[in-house]
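Before any comments, here is the structure.
The values are calculated or read from the model by the stated rules, or taken from the named source; none is laboratory data. The structure displayed is predicted, hence computed values, not measured ones. Reconstructed Cβ throughout: ideal geometry from the backbone, glycine too, with neighbour counts over all protein chains shown. In case anyone asks, the SASA skips ligands and DNA or RNA and just uses the protein heavy atoms, side chains included. Shrake-Rupley method; radii C 1.70, N 1.55, O 1.52, S 1.80 Å.
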Amino acid sequence: MSPRLLILGYGRLGQAFYRKYHDRYEIQGVRRTPLPDDPCPLIMEPIQSDAILPLLHWADRVLFCPAPGKSEEKNLDKETEFYVYQDTYVANMVSLVDRVRSEKIELQQVILISSTGVYPKSSDGLWTEDCSIPLENQRQWTLLDTEYVLMHSHIPYVILRCGGLYGEGRENFSRLAGREQILTSEMSDERISLLHQEDVCAVADL
């Protein structure tokens, strides 16, 4: 019997995982809007909807990788952006943990796709799991709070702090070079972390 994987926040990373490993897993995805011609069985519901309860009972493992919608990210002031990120990450994780506990669901594992955005930009050096991370912005706080909820849930977990993802379906540097306009931030010499989404999928599979 193939392992049953529920992908909460089925977007580009979920699609990449399905393309690569659909023959090794039974996979179902949860997202808010439909995708044209996607072969993965999908349910169009918010993660906090009671409609996903049967899927949580069905799943062996959960891949948690929601992201704010593109329309939600445009022209947001800092306060609104904070609440969008809170709802996307912290509130969805709290909802997942509460349901697993109240329904006594025995998941083998939750894999959280977190971000290197938890680390401050003003500091250089080596960061490990044991380092105390100074908070410089609300996005850091949101990401770390999401991790904290899962870490203290007593659910088996793995947290992957990923850099900026690139790969099929994502804007990459060749497409950036072809654009007529380049943002000033994209022309800086600031170091950025990048990771191919198929490499993230391979680690999640392990």
In this structure, does residue 114 turn out to be surrounded by 17 or more Cβ atoms within 10 Å (Cβ to Cβ) and outside any helix (DSSP H, G or I)? yes
Return only the number of the condition from (1) aliphatic (A, V, I, L, M); (2) surrounded by fewer than 22 Cβ atoms within 10 Å (Cβ to Cβ); (3) within 14 Å of residue 204 (Cα to Cα) that residue 27 does not satisfy. (2)
Checking residue 62 against (1) of a type in the set (Val, Ile, Thr); (2) more than 27 Å from residue 164 (Cβ to Cβ); (3) touching a residue at least 24 places away in the same chain (Cβ under 8 Å), which single condition isn't satisfied? (2)
Based on what the data block shows, is residue 91 within 14 Å of the chain's Cα centre (by Cα), small (Gly, Ala, Ser), in a helix (DSSP H, G or I) and surrounded by 15 or more Cβ atoms within 10 Å (Cβ to Cβ)? yes
Pull up the range 30-57, narrow it to residues that are touching a helix residue (DSSP H, G or I) at 6+ places or on another chain (Cβ under 6 Å) and β-branched (Val, Ile, Thr), then point me to the one that is nearest to residue 201 (Cα to Cα). 30
Inspect all residues belonging to the range 43-57 and state whether any of them is assigned to a strand (DSSP E or B) and among the hydrophobic types (A, V, I, L, M, F, W, C). yes
In a helix (DSSP H, G or I) and open to solvent by less than 40 Å² (accessible area, probe 1.4 Å): does that describe residue 62? no
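Per-residue answers, yes or no, for (1) in a helix (DSSP H, G or I); (2) open to solvent by 30 Å² or more (accessible area, probe 1.4 Å); (3) modelled with pLDDT of 80 or more; (4) not hydrophobic (A, V, I, L, M, F, W, C):
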position: 101; (1), (2), (3), (4): yes, yes, yes, yes
position: 110; (1), (2), (3), (4): no, no, yes, no
position: 135; (1), (2), (3), (4): no, yes, yes, no
position: 147; (1), (2), (3), (4): yes, no, yes, yes
position: 170; (1), (2), (3), (4): no, yes, no, yes
position: 185; (1), (2), (3), (4): yes, yes, no, yes
